[in-house]
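Participant: Pasting a structure here, questions to come.
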Amino acid sequence: MPDPIPGGQPPEARVLARFLTADPEQWPRLAPRVTEAVGMATLERIVHATAARIGGFGTVTDGPDGLIVSGSTGRVRAWAQVAPDGELTGLRIEGVRYTPPRRRLPAHLAWTVCLVLVAAWNALILWTAGDRTAWTADLATLAAFYVVVEGCGAPALQPRPLRRAVEAGA
């Protein structure tokens, strides 16, 4: 069986792993507030249902989606609150198996692609302008686009590649 308390994890993951792998008789000592609030019978039913859902407890890890309790046949997402003395003071376990979200295109990459396409379109229009008035109007449109993009959100909070692409284009 893998180590239920992997190194480098936050205290919540370590305390939750210790709680889930402990005997039910130890729960009132490890999580007195949780046991008192929920009741021993209900807590035991929840923990046993979770163990059945994931095929027994393996590890508890912290990730971008929160605490993930893994077993031999699945995973569930959990939330835990821990007191400074290591006591489990809050616990929530999802009632369904955890499925990681599909990978999406990073927002800064989508913004950069959009920025490049609009800049290329405007550069093409500027290159093929029939006279100075049309060229000036197209250049003003391009400048307005850069002002709007630079103003979307605080510029310092935008991802560096997007911010640098806008500044270079402008």
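Here, each number is a calculation from the coordinates, and none is a lab measurement. All of these numbers come straight from a predicted model, not from anything done at the bench. Please note: Cβ atoms are built from the backbone with ideal geometry, for glycine as well, and neighbour counts cover all protein chains shown.
Participant: What list of ³J(HN,Hα) values in whole Hz, one per residue of the range 115-128 in order, does the Karplus curve 6.51 cos²θ - 1.76 cosθ + 1.60 (θ = phi - 60°) give from phi, with Gly and Pro shown as x?
Facilitator: In residue order, the calculated couplings are 4, 5, 4, 5, 5, 5, 4, 5, 5, 4, 5, 5, 5, 9 Hz.
Participant: Over the range 60-135, what portion of Cα pair distances is larger than 18 Å, expressed as a whole percent?
Facilitator: Working: 1880 of 2850 pairs.
The answer is 66 percent, as a whole percent.
Participant: For the range 64-78, what does the Karplus curve 6.51 cos²θ - 1.76 cosθ + 1.60, with θ = phi - 60°, yield as ³J(HN,Hα) per residue in whole Hz, taken in order and with x for Gly and Pro?
Facilitator: Listing the rounded values in order: x, 9, x, 6, 10, 9, 10, x, 6, 10, x, 9, 9, 8, 9 Hz.
Participant: Within a Cβ distance under 15 Å of ASP23, other residues only, what is the Lys/Arg minus Asp/Glu net charge? Let's see the in-between values first.
Facilitator: Numbers: positive: ARG18, ARG29; negative: GLU25, GLU44.
The answer is 0.
Participant: Another question about this same structure. Could you pull the Rg and Dmax for the range 10-130, using just the Cα atoms, both in Å?
Facilitator: Answer for the range 10-130, Rg first and Dmax second: 23.4, 85 Å.
Participant: How much net charge surrounds ASP138 when only other residues with a Cβ under 13 Å from its Cβ are counted (Lys, Arg +1; Asp, Glu -1)?
Facilitator: On the way: positive: ARG132; negative: ASP131.
Within the 13 Å Cβ shell, the charges total 0.
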